[in-house]
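**Q** Please see the structure below; I have some questions.
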Amino acid sequence: MSQARLLSIQAECLLFFEQNPYTIENEEGLSIRLGRSLQDLSPVLERLTELSILQRLGVGHEAYYKYNQPDVSGEVLLWENI
Amino acid sequence: MNQSSSSTHQPGNSTRIYTNLLELFVDFEGGIDRILQLYTEVMPDIAFAGFAKKAEGEQLRIEHVDGECGPSLRGLTFSIGEGYLGQVALTETDTHWHCLTHDPRLRLFTSRDMTPKHLYGYSVRVHDELIGVLFCGSTIEEPDHHEVMQFGRMIAHLWGGWLTKQYLLDELDLQRSRLTILIEVAKVLETVRDLRRVMFLLVDMTLNLIPDARAALTMVSKPQEPGMVELVTRGFAKEHADGYSKYLAHKYWRHEQPTPPIGEGYADDATYLDYALTVQGEVVGVLGVELGATERYPSGSRELLATLAYMGSAAVKKHHSSQAERMHKQVSLLHELLQQWDHSQYKRTRDSSRIAEEYGKYMQWDHARIQVVTGACKLLEYELRLLKEADIPQEILRLIGETRSMPSMGVGDSSYTYDAKLVYLIARYAEHRTLQLGCVQSSDVCVTDFRSFLDYYERKQTEIRITVEEEQAAQQLMSVDLDEVSRVAALSPREREVLQLIAAGKNNREIAQALYISENTVKNHITSIFNKTGVSDRIQLMAKVIYKH
C-alpha cells in the first residue's frame with residue numbers, strides 16, 4: 001500500500017474514533033463502518049496503536065480497538081514556575 | 001590496471017538496441033531484472049551486469065544481477081568508498097577500469113571466484129540523490145569499451161529518470177492525500193465546540209500527518225489568567241511534557257531564547273518542531289511535536305505543522321468568542337433578574353456597568369477585560385454562592401470576591417488588584433456620584449487613572465446633557481412655529497404632517513414612505529402647502545416657518 005493511501009485511511013480511521021470516542025470495534029466491524037478492506041485496515045490499526053492513539057484489547061484478528069484519549073493536564077500554571 | 005572516466009562521446013551503433021531499451025522504460029515491465037537481462041543480451045562482451053542498492057547507513061547491497069556468473073554476487077554488501085564499486089558510490093561518477101589484475105579492490109568479485117578483466121560502474125540517482133550503483137564486467141581481453149560504457153550510462157540515466165518520475169508521482173499523491181486530510185480536519189474543527197476536542201484533534205492529527213512524529217503536545221492559554229494553560233499531550237512521559245511545555249512557554253509567551261529541550265527527561269535522539277497558535281497577532285497556544293533524530297526536518301513537516309496551527313488558531317478564536325458571548329448572556333440575564341425585586345440596586349449596578357464600559361474604552365482595554373469588569377459591576381450585589389451555582393466565569397467571581405473583601409480605604413492597598421479597586425471605586429461613585437475623600441487624596445495608580453477618567457466622563461456627560469436640552473428646545477420651538485404657520489394657512493391635518501416632515505429635512509420619497517402614500521400624492525400636498533402659504537419652494541417655506549413672514 002502506498003504511503004499516501006496509508007495516510008489517508010489512517011486519518012479516516014482517526015477521525016472516526018475522534019468523533020465516536022466511546023466506540024469499541026474489531027477489525028471486521030471497522031472495515032464495514034469505514035468501507036475499507038481488512039488488508040488496508042490492518043497496517044493502519046497497527047500504526048495508530050503504535051502511536052497510542054488507539055488501544056488494542058485482545059490479540060490477533062479478534063482484537064477490539066478503542067480510542068485512547070490523550071493525556072490532559074487540565075489547568076497548568078506555567079509562567080510562575082519558570 | 002588502468003582507469004579512465006568516460007567523458008568522450010561516441011554515437012551508438014545500434015538504433016534497434018536503443019529502441020528496445022527505451023521501450024522497456026515506457027511501462028517498465030519486468031523491472032530492473034529485465035533491463036539487466038537486455039544489457040547482457042545486447043552486449044555480448046559483457047559477462048555480468050548488476051545493481052547494488054543503497055541500504056541503511058553507508059552500505060550498498062547487490063540486489064539484482066544477470067549473467068552466467070552473476071547470481072553468486074546477489075546479497076553481497078560493501079561500503080561507500082570500498083573497492084571499485086564503492087568508489088563509484090563515493091564519487092558518483094560513471095567510471096570504467098580495464099586490464100584488471102589481482103587487486104584487493106576486486107575482493108567483492110574474487111570472493112566469489114570471479115576475475116573480471118574490465119569493470120564498469122554508473123551511479124543511479126533519484127531526485128539528485130544516489131540510490132545505488134549499476135555495474136557490469138567483462139572477462140574478455142578487449143571489449144568495445146565505448147559501446148558498453150554508452151549503453152550502461154544510458155541505462156543508469158533512464159532508470160534514474162524513471163525512478164525520479166515515480167518518486168514525484170508518489171510525492172504528488174502524498175501531497176494530495178495530505179491536502180484532503182487537512183480539508184477534513186478543517187471541516188471537523190468548524191463544527192467542534194469543545195476546546196479539549198479541538199486540542200485532541202490537533203495532537204492526533206500532528207502525529208498522523210507529520211512524518212517521523214513520535215509525540216505531540218498542544219497547549220492553549222486561558223483568557224484573563226496569565227500563565228495558566230490547558231495542556232494536552234500524547235506520547236510524552238510526564239516529566240518530559242512538563243519540561244517541554246515550560247520551554248515553549250519561555251519561547252512563545254516570554255519571548256526568550258530558552259535552552260533547547262534536550263537533557264534531563266528528553267530523549268537524546270529527538271528533534272523538536274513547534275508553532276504558535278495566534279489570535280490577532282497574540283499567542284494563545286502552541287503546537288509542538290517530537291521527531292526522531294534527524295539533521296533536517298522531514299519534507300513538508302514545517303508546512304503541515306504551520307497549517308494545523310493556523311487551523312487550531314481559528315478554532316481557539318471561535319471558542320473564545322462563543323465563551324465570551326455565553327458569559328455575557330448569562331451575566332445579563334442575572335442582572336435583568338435583579339430588576340424584578342430591587343429596582344434601585346438594578347439601576348445602580350446598571351450605571352456602574354455603563355461607567356465600567358466607558359472606562360474600559362477610555363483606557364483602550366481589550367473586549368474580554370471590559371466584559372469581566374462590567375460583569376463584576378452588574379453582579380456585585382449577588383451572593384457569591386448563587387453566582388457559583390449559576391456557572392458564572394471564575395474571573396468574574398474572583399473579582400467580585402476580592403472587591404467585597406476590600407475595606408473602605410482599601411483602594412490604597414497594593415495587595416488588591418487594579419480591577420478590584422476599579423470595581424470598588426465605580427460602585428461607590430455610582431452610589432454617591434462623587435469620590436470619597438480618601439480616594440481623592442490617594443496616589444494609587446488605579447485611583448489616579450479613575451480620577452482622570454472622571455474628569456473626562458463628567459465633562460462628556462455635561463456636553464451630552466446640554467446637547468440633548470438644546471435639541472429638545474429647538475424641536476419645541478420648531479413645533480410651535482409649525483403650528484402657527486399651519487393655523488394661519490389653514491393647512492389640512494395631512495398637509496401639516498407633510499410640513500413637519502419637510503421641516504425634518506425629508507425628501508419626497510422619504511415623506512411618501514413615512515406616510516404610506518405615493519410620491520405624486522406628496523407632490524400634490526406640497527403644491528397645496530405652497531399655494532396656501534404663498535411660497536414657491538421649500539426654502540421660502542422654511543424661511544416662513546422660522547421668520548414668520
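The values are calculated or read from the model by the stated rules, or taken from the named source; none is laboratory data. Here the structure is a predicted model, which is why all the values come from computation and not from measurement. Because the Cβ atoms are built from the backbone with ideal geometry, glycine has one as well, and the counts that use them run over all protein chains shown. Side chains included, ligands, DNA and RNA excluded: accessible areas come from the protein's heavy atoms. Shrake-Rupley method; radii C 1.70, N 1.55, O 1.52, S 1.80 Å.
**Q** Using the crude model of +1 on Lys and Arg Cβ and -1 on Asp and Glu Cβ, and no other charge, please compute the dipole size for the protein assembly as shown relative to its Cα centre, in debye to 20. Each step should come with its number before you reach the end.
**A** Details: 66 positive and 87 negative charges, 596 e Å.
For this selection, approximately 2860 debye.
**Q** Next question. Explain nothing, just the number: relative contact order of chain B, from Cα pairs under 8 Å at least 6 residues apart, as a whole percent.
**A** This gives 7 percent for chain B.
**Q** Kirkwood Rh over alpha-carbon pairs of chain B, then Stokes-Einstein at 37 °C and 0.692 mPa s: what D in µm² s⁻¹, rounded to an integer?
**A** 100
**Q** So which lysines can B:LYS532 reach, going by Cα to Cα under 30 Å and dropping same-chain residues fewer than 8 places off?
**A** Candidates past the 8-residue exclusion: B:LYS506, B:LYS523, B:LYS544, B:LYS548.
**Q** Continuing with the same structure: Under 21 Å from the Cα of B:LYS54, which lysines turn up, not counting those fewer than eight places away in the same chain?
**A** Output for B:LYS54: B:LYS165.
**Q** Hey, can you find the accessible area per residue of chain A for me, probe 1.4 Å, expressed in square angstrom?
**A** Per residue, chain A has 54 Å² of solvent-accessible surface.
**Q** Give, rounded to the nearest 20 debye, the magnitude of the charge dipole that chain B has about its Cα centre when Lys and Arg contribute +1 at Cβ and Asp and Glu contribute -1 at Cβ. Don't skip to the end; give the middle numbers.
**A** Working: 60 positive and 75 negative charges, 578 e Å.
The dipole of chain B has a size of about 2780 debye.
**Q** Roughly how many percent of the accessible protein surface of chain B is carbon and sulfur, given a 1.4 Å probe and a whole-percent answer? Intermediate values should be presented prior to the final figure.
**A** Values: 14420 of 28560 Å².
Carbon-and-sulfur percentage of accessible area, whole number: 50.
**Q** Simple spin-label model, 7 Å along Cα-to-Cβ: B:ALA324 to B:ARG112 in nm?
**A** Calculated label separation equals 7.2 nm.
**Q** Any idea how far the Cα center of the stretch B:228-257 sits from the one of the stretch B:332-364, in Å?
**A** So the two Cα centres are separated by 40 Å.
**Q** Please give the per residue accessible area of the stretch B:265-360, computed with a probe of 1.4 Å over protein heavy atoms only, in Å². Write down the numbers at each step before the final one.
**A** Values: 4830 Å² over 96 residues.
Per-residue value: 50 Å².
**Q** Now for a separate question. Holding the Cα-Cα limit at 31 Å, pick out from A:LYS66/B:LYS388; B:LYS246/B:LYS361; B:LYS187/B:LYS361; B:LYS187/B:LYS388; B:LYS347/B:LYS460; B:LYS222/B:LYS421 the pairs that are longer than that.
**A** Cα-Cα > 31 Å for A:LYS66/B:LYS388; B:LYS246/B:LYS361; B:LYS187/B:LYS361; B:LYS187/B:LYS388; rest within.
**Q** Roughly how many Å² is the accessible area per residue of the stretch B:464-547, as a whole number, for a 1.4 Å probe?
**A** Result: 65 Å² per residue.
**Q** Whole angstrom only: what separates the Cα centroid of the stretch A:1-27 from the Cα centroid of the stretch B:42-65?
**A** Using only Cα atoms to place each centre, the spacing works out to 40 Å.
**Q** Between A:LEU57 and B:ARG538, how many nm apart are label points set 7 Å from Cα along the C-beta direction?
**A** 7.9
**Q** Place a label point 7 angstrom from the Cα of A:GLU50 along the Cα-to-Cβ direction, then list the residues of the stretch A:2-44 whose backbone nitrogen is under 18 Å away.
**A** Zone members listed by number: A:2-14, A:39-44.
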